[in-house]
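The values are calculated or read from the model by the stated rules, or taken from the named source; none is laboratory data. Bear in mind the structure is a predicted one, so any value in this text is a computation, not a measurement. Neighbour counts are summed over all protein chains in view; Cβ atoms, including those assigned to glycine, are modelled from backbone coordinates with ideal geometry.
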Amino acid sequence: MTGKPELRRELIGIHNKLLACYGVQHWWPGETPFEIMVGAILTQSAAWGNVEKAITNLKSAGKLSPSAIRDMPMVDLAKMVYPSGYYNAKARKLKALAEWLGKYKDDLSRLDRSPTVDLRQELLEIYGVGPETSDAILLYVFKRPVFVIDAYTRRLFRRLGVEPPVDNYDGWQALFMDNLPHEFELFAEYHALIVKHGKDICRKSPQCTECCLSNECSGKPSATKPVHLGGPT
């Protein structure tokens, strides 16, 4: 950690309040590492309920494996993932993921010793895998302490008045990585709690009267003045 002690305390305090409010989330939903990887791709621009329908289609057909997806005609795969939206693009993305895994004989243990930075770069080179998806896979599949940034994270912390000096993915990620212990359990649970809070309470139209963070937050995005913590503004 290279950040500021006061910011570290604030971030840990927010985590603890969310945990007290919602309890352990047991994330990421998925019975196997490959299912988690598939879910990380299918959830792009999709509600999780629709992702579950697509995964159920694959499971029911006995096709939820890298080899099955590699061998399946693209049109058939697209039909199975149809509920998750953008089904043609997502079928192509799943094919690319399965081809990448094929280089390692579908054995994720072959990647256990890969440095996180190298593994992340490999994931980013897969068609359709961006920073958020790659980091979700690193965190929940490979158990690497990498903080995942998504729209829920940005919205919540902007409303709390906490923003990085650089408003991009790397800037937001550094806000957490520089100020929290690099622990898989902490990062995995924190992200899950943020998503839970973002879906249930801190929506685009926030449910402020039910918010466990109301003392720290104005609850009105237009009234929140971001605080830039360190670095150039």
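Things worth noting here:
- For region 30-44, a tally of residues being part of a helix (DSSP H, G or I), closer than 13 Å to Gly130 by Cα and β-branched (Val, Ile, Thr) returns 1.
- Residue match in region 189-205 (condition: among the aromatic types (Phe, Trp, Tyr), surrounded by fewer than 16 Cβ atoms within 10 Å (Cβ to Cβ) and within 20 Å of the chain's Cα centre (by Cα)): no
- Checking every residue in region 30-46 against the condition of being assigned by TED's automatic domain parsing to the domain that holds Glu122 and over 24 Å from Ala188 (Cβ atoms) gives zero matches.
- Qualifying helices (runs of 4 or more DSSP H) (wholly inside region 45-99; at least 3 residues being among the aliphatic types (A, V, I, L, M) and under 20 Å from Gly30 (Cβ atoms)): 48-60
- Count of region 122-154 residues which are of a type in the set (D, E, K, R) and outside any helix (DSSP H, G or I): 4
- Qualifying residue in region 43-51 (condition: in contact with a helix residue (DSSP H, G or I) (Cβ under 7 Å, 6 or more places away or on another chain), surrounded by 13 or more Cβ atoms within 10 Å (Cβ to Cβ) and in contact (Cβ under 8 Å) with a residue 60 or more places away in the chain): yes
- Pairs, first within 15 Å of Asp71 (Cβ to Cβ) in region 82-101, second surrounded by fewer than 18 Cβ atoms within 10 Å (Cβ to Cβ), C-beta under 6 Å, six or more apart: Ala91/Met74; Ala96/Tyr127; Ala98/Arg70
- With respect to the conditions (1) loosely packed, with under 15 Cβ neighbours inside 10 Å; (2) of a type in the set (D, E, K, R); (3) assigned by TED's automatic domain parsing to the domain that holds Ile14, Arg110 lacks only one, and its number is (3).
- Verdict on Ala68 being exposed (fewer than 15 other Cβ atoms within 10 Å of the Cβ), at negative phi, free of Cβ contacts under 8 Å to residues at least 60 places away in the same chain and of a type in the set (A, V, I, L, M, F, W, C): yes
- Verdict on Cys208 being of a type outside the set (D, E, K, R), at pLDDT 95 or above, closer than 19 Å to Tyr22 by Cα and surrounded by fewer than 17 Cβ atoms within 10 Å (Cβ to Cβ): no
- Test: Lys17 is more than 16 Å from the chain's Cα centre (by Cα), surrounded by 14 or more Cβ atoms within 10 Å (Cβ to Cβ) and free of Cβ contacts under 8 Å to residues at least 60 places away in the same chain: no
- Taking every residue in region 149-164 that is closer than 20 Å to Ile137 by Cα and pairing it with any residue that is outside any strand (DSSP E or B), at least 6 positions away or on another chain, the pairs with Cβ-Cβ distances below 6 Å are Ile149/Tyr169; Ile149/Trp172; Ile149/Gln173; Asp150/Glu132; Tyr152/Ile194; Tyr152/Val195; Tyr152/Gly198; Thr153/Ile194.
- Scope region 155-177; condition of a type in the set (A, V, I, L, M) and in a loop (DSSP other than H, G, I, E, B); matching residues: Leu160, Val166
- If only residues of region 178-188 that are part of a helix (DSSP H, G or I) and touching a residue at least 60 places away in the same chain (Cβ under 8 Å) are counted, the one that is farthest from Asp150 (Cα to Cα) is Leu186.
- Each residue in region 3-60 was checked for being closer than 21 Å to Ser214 by Cα and modelled with pLDDT under 95, and 1 of them qualify.
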